[in-house]
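Presented below is the structure to which this report refers.
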Amino acid sequence: MKSLKTDLNGLYPPSDAVQQSAHIASLDQYLKMYKASIEDPIQFWEKLSKPFFWKQQPTGPFLRYNFDLKKGNIFTKWMEGATTNVCYNLVDKHVEEGNGHRMAYYWEGNDPTEQKQITYQGLLEAICKCANVLKTLGIQKGNRVAIYMPTTIEAIIAMLSCARIGAIHVVIFAGFSAEALAERMIAANAKLLVTADGTFRGTKFIPLKSIATQALKQCKAAGHLINHCVVFNRLQTSKLNKDVPDIPWDDSIDLAWETVMASASDLCEVEWVDAEHPLFILYTSGSTGKPKGVLHTSGGYLLYAATVFKYAFDYHEEDLFFCSGDLGWITGHTFNVYGALACKSSTVIFDGIPTYPDGGRFWELIDRYQVTTFYTAPTAIRTLMQLDRSYVTKYSRASLRLLGSVGEPIDPATWHWFYEVVGEKRCPIIDTFWQTETGGPIICPLPGSTPLKPGSATLPFFGIVPAIVDADGVEMIGEGEGYLVIKNPWPGIARTLDGNHQRFESTYFEPYNGYYYTGDAAKRDADGYFWIIGRRDDMLNVSGHLLSTAEIESALMQHPAVAEAAAVSAAHAIKGESIHCFIVLKHRWKYDGIIEDAIKAIVRNKIGAFAVPELIHPVPALPKVASGKIMRRLLKKVVQQDADLGDTSTLVDQTIIEQLLALTTKKG
Ligand code: WTA
């Protein structure tokens with residue numbers, strides 16, 4: 001990465017227009033700053049932390065950490081002894097500095113007529129009210145609050161009111177089922193639930209409150225009592241709300257958001273917390289067993305979110321940022337909330353889908369609001385590129401300055417469509433590689449400095465030292481393909497998995513002791529550019545959301561006819577990957593459409609509609625090794641109809657794959 005090959009063939013260097021105003025305006029400048037960031041991370045991050053408000057400066061070392069299990073527990077601590085409040089830095093500080101009138105959010109609902117906006121001053125008042133509501137309901141510093149809401153200003157108010165009083169928010173994506181919601185609320189020991197009556201995805205009604213009510217019942221049955229549920233009336237602005245079913249209501253638990261907010265005071269002192277005080281927990285799938293409660297803390301996460309927002313999007317005050325990500329995922333947390341507000345951004349948030357009322361929705365929105373920075377996922381781009389180009393070209397994209405992508409590798413064809421059709425070859429594509437656990441992008445181009453290569457997430461962000469290791473953990477120097485690890489701590493790294501530090505250590509640090517293991521395979525080319533290949537473990541990435549095979553399989557096993565089940569992914573034109581399931585039926589059961597529908601319904605209920613398998617293959621047996629472990633690698637080959645099986649010596653029944661290949665061909 002010291003210097004790029006002089007031949008810029010196939011590279012897209014930053015344009016003069018982008019470079020002119022960029023914070024980092026040349027590759028040299030990036031390289032210098034990057035070098036400084038890894039040679040003296042403390043000095044680097046200390047300087048960037050200065051503009052934030054610290055009630056108390058750090059009393060000990062700016063960074064303390066251990067990535068080596070042989071030396072003891074894994075930990076990372078930034079700015080120990082410092083105290084701050086993240087909500088104060090995101091909102092109060094801007095208001096106190098005279099920016100209260102500045103627009104914080106433009107909200108657009110599923111219907112194009114649903115619009116709301118809120119200034120920094122308005123946000124501050126609403127957060128104070130909501131924080132007072134939380135306090136009245138008994139929420140104190142350190143308590144966990146579950147938020148099961150669509151992407152709305154109110155969800156952000158709920159999140160930040162937690163941060164204001166030192167409570168920990170646990171946002172659960174509003175596409176999860178009652179069971180998945182209950183499981184997460186129990187795991188997080190949530191004391192309160194904030195939800196909405198419902199929302200629409202296109203014309204489809206999502207009965208959030210009914211689901212929440214069921215989940216609360218399941219919590220109660222499991223001995224976990226949640227006394228209050230605050231319900232925001234999301235449907236009031238919807239034109240489609242005429243025929244929605246009755247919203248279940250229990251006066252002994254349920255409280256209307258509008259009522260409790262109306263009577264609350266709009267003044268609320270902030271709670272000063274330690275830099276390492278937990279800010280939020282966000283669940284992500286694990287390759288085995290229960291979802292992982294990724295825990296982020298206050299000071300370091302704030303610093304990292306703000307820094308990536310500023311540099312990866314080359315943010316300037318006159319920008320209007322639009323990230324289509326849902327608040328229920330890390331992208332929504334870091335970019336729609338923490339990074340954006342820390343940088344005093346004006347941001348568009350959207351509670352709808354890109355194809356409703358038609359495939360021009362994003363582009364119409366971009367034109368109407370004059371968005372400068374648009375950040376989305378390859379799966380959304382792939383959906384839209386199937387449609388007639390006129391959906392895009394009908395609207396002006398002249399306001400756009402840059403485009404971003406996250407969630408999965410963006411294949412070159414999709415990259416080119418995004419670059420050429422949407423961005424009219426004017427806007428760099430910022431392909432950001434990151435994870436729930438990393439808090440923010442760790443490999444990504446910077447708009448004014450990084451020559452782009454379609455399909456590559458390019459170079460490490462400041463302070464990140466990536467390495468590629470082989471299966472034995474030996475670091476590869478220069479070009480190579482292997483597993484992506486990070487050698488050093490950065491402020492945004494997750495500190496633990498809630499309630500299970502041992503799992504945190506074994507998942508991320510044990511595989512390659514001394515390094516943070518991403519779980520992704522990656523390639524580094526001769527220029528030092530990184531190309532993410534994909535997950536290495538038993539994980540699927542469907543429409544940019546991670547799902548574990550174990551989670552899907554345990555849902556499949558709930559059907560009384562299913563004796564054994566295995567889930568694998570296959571390439572899918574739109575979703576990136578889609579789920580294929582293999583099931584072995586119990587004796588005397590015969591596979592038919594009724595069983596198929598029932599199995600799909602179980603997956604929908606247990607996890608959510610996004611996890612429903614694309615295809616279910618009933619098979620006589622699964623390929624296994626002697627210990628009984630299913631060889632999913634071979635099932636993938638079956639799905640791909642690839643008879644080049646590699647090493648099958650550990651397979652117990654050597655004939656099974658032939659049988660499966662024959663069966664699935666017939667089906668296809
Ligand atoms: C994948 C999402 C390639 C990767 C922010 C990672 C990507 C997982 C990219 C984390 C990218 C994310 N290129 N792959 N730009 N961004 N991934 O936790 O496999 O929902 O490990 O965080 O998504 O997904 P998560």
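The values are calculated or read from the model by the stated rules, or taken from the named source; none is laboratory data. Quick caveat: nothing in here was measured; it's all calculated off a predicted structure. For neighbour counting, all protein chains shown are included, and Cβ atoms are generated from backbone atoms with ideal geometry for every residue, glycine included. Remember, those area values only see protein heavy atoms, side chains included, never the ligands or the DNA or RNA. Shrake-Rupley method; radii C 1.70, N 1.55, O 1.52, S 1.80 Å.
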Consider I656 carefully, then state whether it is open to solvent by less than 20 Å² (accessible area, probe 1.4 Å) and at pLDDT below 90. yes
Unique match (being surrounded by fewer than 18 Cβ atoms within 10 Å (Cβ to Cβ) and within 20 Å of L160 (Cβ to Cβ)) among F75, F53: F53
Restricting attention to the range 225-234, which residues are more than 15 Å from L137 (Cα to Cα) and either surrounded by 20 or more Cβ atoms within 10 Å (Cβ to Cβ) or in contact (Cβ under 8 Å) with a residue 40 or more places away in the chain (or both)? F232, R234
Within the set of pairs 6+ apart or on separate chains, which have a first residue in the range 406-432 that is within 18 Å of R389 (Cβ to Cβ), a second that is within 10 Å of the ligand (Cβ to nearest atom) and at pLDDT below 95, and C-beta atoms under 7 Å apart? T414/P378; W415/G455
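Can you confirm whether K487 is within 16 Å of the ligand (Cβ to nearest atom) and over 19 Å from L546 (Cα atoms)?
So K487 fails the test.
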Meets criteria (open to solvent by 20 Å² or more (accessible area, probe 1.4 Å), of a type outside the set (D, E) and within 22 Å of V542 (Cβ to Cβ)) for R588: no
Any idea which of (1) farther than 23 Å from V18 by Cα; (2) within 16 Å of the ligand (Cβ to nearest atom); (3) assigned to a loop (DSSP other than H, G, I, E, B) is the one D388 doesn't satisfy? (2)
Selection within the range 391-412 - within 16 Å of the ligand (Cβ to nearest atom) and over 21 Å from A521 (Cα atoms): L402, L403, G404
Exactly one of S578, S554, S569 is under 28 Å from the mean Cα position of the chain (by Cα) and more than 18 Å from Q641 (Cβ to Cβ), and that one is S554
Is at least one residue of the range 528-536 away from the ligand (no atom under 16 Å from the Cβ), under 24 Å from I486 (Cβ atoms) and open to solvent by less than 10 Å² (accessible area, probe 1.4 Å)? yes
Starting from residues that are away from the ligand (no atom under 13 Å from the Cβ) and farther than 26 Å from K32 by Cβ, keep the ones in the range 419-456 and report whichever is most open to solvent (accessible area, probe 1.4 Å). K425
Single unsatisfied condition, C268 versus (1) farther than 25 Å from S238 by Cα; (2) of a type in the set (A, V, I, L, M, F, W, C); (3) open to solvent by 20 Å² or more (accessible area, probe 1.4 Å): (3)
If you scan the range 284-333, which residues turn out to be assigned to a strand (DSSP E or B) and modelled with pLDDT of 95 or more? G293, V294, L295, H296, T297, L320, F321, F322, C323
Matching residues in the range 490-507 (within 13 Å of the ligand (Cβ to nearest atom) and open to solvent by 10 Å² or more (accessible area, probe 1.4 Å)) number 1
Looking only at the range 457-470, count every residue that is within 13 Å of the ligand (Cβ to nearest atom) and of a type in the set (G, A, S) and tell me the total. 1
Test N513 against the criterion of being assigned to a loop (DSSP other than H, G, I, E, B), farther than 20 Å from P291 by Cα, open to solvent by 30 Å² or more (accessible area, probe 1.4 Å) and in contact (Cβ under 8 Å) with a residue 60 or more places away in the chain, and give yes or no. yes
Scan the range 464-481 for residues that are out of contact with any Lys or Arg (no Cβ under 6 Å at 6 or more places or on another chain), within 21 Å of Y508 (Cβ to Cβ) and surrounded by fewer than 22 Cβ atoms within 10 Å (Cβ to Cβ) and jot them down. V469, D470, A471, D472, G473, V474, E475, M476
Which ones in the range 538-577 are modelled with pLDDT under 80, within 15 Å of the ligand (Cβ to nearest atom) and out of contact with any helix residue (DSSP H, G or I) (no Cβ under 9 Å at 6 or more places or on another chain)? S548
With assigned to a loop (DSSP other than H, G, I, E, B) and either of a type in the set (G, A, S) or surrounded by 23 or more Cβ atoms within 10 Å (Cβ to Cβ) (or both) as the only criterion, which of S399, S405 stands out? S399
Test: residue in the range 88-95 that is part of a helix (DSSP H, G or I), of a type in the set (S, T, Y), open to solvent by less than 40 Å² (accessible area, probe 1.4 Å) and at negative phi: yes
Within the range 527-542, does at least one residue satisfy the condition of being among the small types (G, A, S), assigned to a helix (DSSP H, G or I) and either over 21 Å from the mean Cα position of the chain (by Cα) or more than 21 Å from I330 (Cα to Cα) (or both)? no
Restricting the range 334-346 to residues that are in a helix (DSSP H, G or I) and either away from the ligand (no atom under 16 Å from the Cβ) or more than 16 Å from the chain's Cα centre (by Cα) (or both), which is farthest from G492 (Cα to Cα)? L341
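Could you identify the single residue in L193, L255 that is crowded, with 22+ Cβ neighbours inside 10 Å, of a type outside the set (V, I, T) and touching a Cys at 6+ places or on another chain (Cβ under 9 Å)?
Step by step, each of L193, L255 is checked, and only L193 is crowded, with 22+ Cβ neighbours inside 10 Å, of a type outside the set (V, I, T) and touching a Cys at 6+ places or on another chain (Cβ under 9 Å).
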Check P291, P278 and return the single one that is closer than 30 Å to P58 by Cα, surrounded by fewer than 24 Cβ atoms within 10 Å (Cβ to Cβ) and touching a residue at least 12 places away in the same chain (Cβ under 8 Å). P278
Among (1) within 15 Å of the ligand (Cβ to nearest atom); (2) part of a loop (DSSP other than H, G, I, E, B); (3) touching a helix residue (DSSP H, G or I) at 6+ places or on another chain (Cβ under 9 Å), G519 falls short only on (2)
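Scan the range 347-380 for residues that are of a type in the set (S, T, Y), open to solvent by 10 Å² or more (accessible area, probe 1.4 Å) and either free of Cβ contacts under 8 Å to residues at least 40 places away in the same chain or not in a helix (DSSP H, G or I) (or both) and report the count.
Going residue by residue through the range 347-380, those that are of a type in the set (S, T, Y) are 347, 355-356, 369, 372-373, 375-376, 379.
Filter once more, keeping what is open to solvent by 10 Å² or more (accessible area, probe 1.4 Å): 355-356, 369, 372, 379.
From what's left, either free of Cβ contacts under 8 Å to residues at least 40 places away in the same chain or not in a helix (DSSP H, G or I) (or both): 355-356, 372.
Going through the range 347-380 one residue at a time, the tally reaches 3.
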